[in-house]
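A quick write-up on the structure given underneath.
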């Protein structure tokens, strides 16, 4: 008579006496190709696993925190006055103007493309400007005086396009003209301009 331990051994490859047995397996017909379960390393910069950013393209948007705060406060104040004073139509016009100002001057976006430098204010891009990269001689990190203000201003260093802060990049053109672009990451903008202009003059 077959012992119970032999039956268990046949089913499980293990028996109660603590000895393990080799288990036989069947080929189910399903499997993974060799190396399919291996974890891929990120790879070197520029490889498929860790693709380096395209340094020829740059775009950055900076919020005008002071402008947004001031205009928002003016809107709230106008609404409060209309509630207590009753000048609804006047308040409506003032609020509409303030909202329009917020839409065109709340942010400043800087874009370095393959052949030109672009800037535009606000999400609707009503106020915008562009320069060919072939006309740019240099880009320098500068700090604006506090009284230069924000928006589109005239400074001793040429026009200033700015929505927040005092940091800017001063750009010199082949014509000798200069202008400044306000930004909270001047080093990145300068690197993008220098890389793009070097590619053009190559």
Would you mind stating whether residue 182 is on the phi > 0 side of the Ramachandran plot and either modelled with pLDDT of 95 or more or surrounded by fewer than 19 Cβ atoms within 10 Å (Cβ to Cβ) (or both)? no
Among the residues of the stretch 133-146, count how many are part of a helix (DSSP H, G or I) and surrounded by 18 or more Cβ atoms within 10 Å (Cβ to Cβ). 1
Quick one: how many residues across the stretch 114-127 are surrounded by 15 or more Cβ atoms within 10 Å (Cβ to Cβ) and either free of Cβ contacts under 8 Å to residues at least 24 places away in the same chain or in a loop (DSSP other than H, G, I, E, B) (or both)? 4
Return a yes/no flag: does the stretch 176-192 have any residue that is in a loop (DSSP other than H, G, I, E, B) and either more than 26 Å from residue 71 (Cβ to Cβ) or without any contact (Cβ under 8 Å) to a residue 24 or more places away in the chain (or both). yes
Evaluate the stretch 98-110: report whether one residue or more is in a helix (DSSP H, G or I), closer than 18 Å to residue 184 by Cβ and under 21 Å from the mean Cα position of the chain (by Cα). yes
Can you tell me which residue in the stretch 62-89 is farthest from the chain's Cα centre (by Cα), limited to those that are outside any helix (DSSP H, G or I) and closer than 30 Å to residue 186 by Cα? 64
When restricted to 157, 149, 92, the only residue surrounded by fewer than 17 Cβ atoms within 10 Å (Cβ to Cβ), touching a strand residue (DSSP E or B) at 6+ places or on another chain (Cβ under 9 Å) and modelled with pLDDT under 90 is 149
Tell me which residues, restricted to the stretch 185-202, are over 16 Å from residue 116 (Cα atoms) and loosely packed, with under 13 Cβ neighbours inside 10 Å. 187
Whichever residue in the stretch 150-175 is over 16 Å from residue 61 (Cβ atoms), outside any strand (DSSP E or B) and touching a residue at least 24 places away in the same chain (Cβ under 8 Å) and, among such residues, is farthest from the chain's Cα centre (by Cα): 175
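Scan the stretch 51-71 residue by residue and report those that are at pLDDT below 90 and farther than 18 Å from residue 124 by Cα.
Initial filter on the stretch 51-71 (at pLDDT below 90): 51-57, 65-71.
If the condition is that a residue be at pLDDT below 90 and farther than 18 Å from residue 124 by Cα, then 51, 52, 53, 54, 55, 56, 57, 66, 69, 70 are the ones that fit.
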Any chance residue 130 is at pLDDT 95 or above, surrounded by 15 or more Cβ atoms within 10 Å (Cβ to Cβ) and not in a helix (DSSP H, G or I): no
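The values are calculated or read from the model by the stated rules, or taken from the named source; none is laboratory data. All values derive from a computational prediction rather than experimental measurement. So basically every Cβ, Gly included, is an ideal-geometry build from the backbone, and we count neighbours across all protein chains shown.
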